[in-house]
2 protein chains.
Amino acid sequence: MARLSDIIEDFLKGLIIEEEGTVEIQRNELANKFNCVPSQINYVISTRFTAEKGYYVESRRGGGGYISIKRVNSDSAGDYLMHIITSIGDRISQLTSEVFINNFLDYNIIEIREAMIMKAATSDKALIGVPADKRDDVRAAILKNMLMSMTVL
Amino acid sequence: MARLSDIIEDFLKGLIIEEEGTVEIQRNELANKFNCVPSQINYVISTRFTAEKGYYVESRRGGGGYISIKRVNSDSAGDYLMHIITSIGDRISQLTSEVFINNFLDYNIIEIREAMIMKAATSDKALIGVPADKRDDVRAAILKNMLMSMTVL
DNA sequence: ACATTTTGACTATCTCTGACTATTATTATA
DNA sequence: TATAATAATAGTCAGAGATAGTCAAAATGT
């Protein structure tokens, strides 16, 4: 466990926990802190903070450049979503659905545009072609499906 | 750390919101305010206020010269969407729907997460509760509804 | 032996700067 | 008044500076 990469990994994960899910660093600065070449930071990120492991990485070069790492699933947001998904029964009304969606917005799990899409997809207007007695069933399925897609990214 | 360009960008966007869609500045004055060379203003404008991002820029040199930036209510995207919406018939298969959604992604009209939500909402999996012979009708209605919601924001 | 980690040379991208150019308005002059 | 000179702006572009990315070789670990 004396590997530098592991140490850097732990350091970043610690920051991510502190910052509640996200961290932004400067590659050179971090390399300097750990006395290694900058490209080692890339190595750590590409081996430890992959999408499969639930991280989303963004970066920018040039003056004021940065690397940001976000923890996407597994934890908080993903767990919360999975919890919600299982708590949604087999049927849901348009109103209840909107309440849920507004909650996701409040919890910063989705963006405003994403919320609008979800509401549009689960509105009675969109489901007009579904027999009224089946509508809430279909709505629940659509909502759950959309939420499931959010647990991945 | 925060790039000057970003700071100037935010400043201008703030003004645009205040002034409800348009702002007029003098290049030298603004450069002076942010302690940079005037050409940096051009840099900010050419990288952040492009037509693709929904802005229309006009300017004039000479005494009393100015640069004006207008938020051109991304009607281009909105128009394109409306056009697509009307071109979608009353029925659409999951595959065709995905092709459309991928196109929106390519045209930068929606984000990757938004695309995922849309695909989830229009998948056969989500519409399992809809009688097979009605499924493509419902899918078309849902897709159109989601797209409509994108035209306003 | 094979896999993983570390390193560094080279590349790519973004930002900032300044010298030079272009355009428009104003003032002076014929 | 028409024209020329001057002042006041904005535009362009290439180079310098500041970061981050890539990839393969060397080192190290198992």
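The values are calculated or read from the model by the stated rules, or taken from the named source; none is laboratory data. Because the structure is predicted, anything quoted here is derived from the model rather than measured. Neighbour counts run over all protein chains shown; Cβ positions are idealised from the backbone, glycine included.
Contact map, the stretch A:1-23: first residue of a type in the set (Gly, Ala, Ser), second residue assigned to a helix (DSSP H, G or I), Cβ cut-off under 8 Å, separation 6 or more or different chains; pairs are A:5/A:40; A:5/A:43; A:5/A:44; A:5/A:47; A:5/A:48; A:21/A:76; A:21/A:77.
Evaluated against (1) surrounded by 19 or more Cβ atoms within 10 Å (Cβ to Cβ); (2) farther than 30 Å from residue B:131 by Cβ, residue A:122 falls short on exactly one condition, (2). Consider the stretch B:106-118. How many of its residues are modelled with pLDDT under 95 and surrounded by 15 or more Cβ atoms within 10 Å (Cβ to Cβ)? Qualifying residue count, the stretch B:106-118: 6.
If I ask for residues that are farther than 16 Å from residue A:138 by Cβ and within 7 Å of another protein chain (Cβ to nearest Cβ), which ones from the stretch B:134-149 would you list? B:148, B:149 - these are the residues of the stretch B:134-149 that are farther than 16 Å from residue A:138 by Cβ and within 7 Å of another protein chain (Cβ to nearest Cβ).
Take residue A:20 and tell me if it is away from chain B (no Cβ under 14 Å) and either near DNA strand C (Cβ under 8 Å from one of its atoms) or not in a strand (DSSP E or B) (or both). Yes. If I filter the stretch A:62-78 for residues that are away from chain B (no Cβ under 14 Å), of a type in the set (A, V, I, L, M, F, W, C) and within 12 Å of DNA strand C (Cβ to nearest atom), do I get at least one hit? No, the stretch A:62-78 contains no residue that is away from chain B (no Cβ under 14 Å), of a type in the set (A, V, I, L, M, F, W, C) and within 12 Å of DNA strand C (Cβ to nearest atom).
Within the stretch B:38-61, the only residue that satisfies the criterion of being at pLDDT below 90 and away from DNA strand C (no atom under 16 Å from the Cβ) is B:54. In a residue-by-residue description of the stretch A:76-87, the property of being farther than 30 Å from residue A:124 by Cα and either assigned to a helix (DSSP H, G or I) or assigned by TED's automatic domain parsing to the domain that holds residue A:125 (or both) applies to at least one position. For the stretch A:89-99, the set of residues classified as touching a residue at least 12 places away in the same chain (Cβ under 8 Å) and either part of a loop (DSSP other than H, G, I, E, B) or more than 10 Å from residue A:140 (Cα to Cα) (or both) consists of A:89, A:90, A:91, A:92, A:93, A:98, listed by residue number.
Residue pairs whose Cβ atoms lie under 6 Å apart, sitting 6 or more positions apart in sequence or on different chains, and linking a residue in the stretch B:45-69 that is outside the structural domain of residue B:80 (by TED's automatic domain parsing) and within 21 Å of residue B:6 (Cα to Cα) to a partner that is outside any strand (DSSP E or B) and basic (Lys, Arg), are B:67/B:27.
If you go through the stretch A:100-133 and keep only what is polar (S, T, N, Q), outside any helix (DSSP H, G or I) and either facing another protein chain (nearest Cβ under 7 Å) or over 22 Å from residue B:90 (Cα atoms) (or both), you end up with A:108, A:123. Apart from one condition, residue A:72 fits all of (1) touching a Phe, Trp or Tyr at 6+ places or on another chain (Cβ under 6 Å); (2) under 30 Å from residue B:4 (Cβ atoms); the exception is (2).
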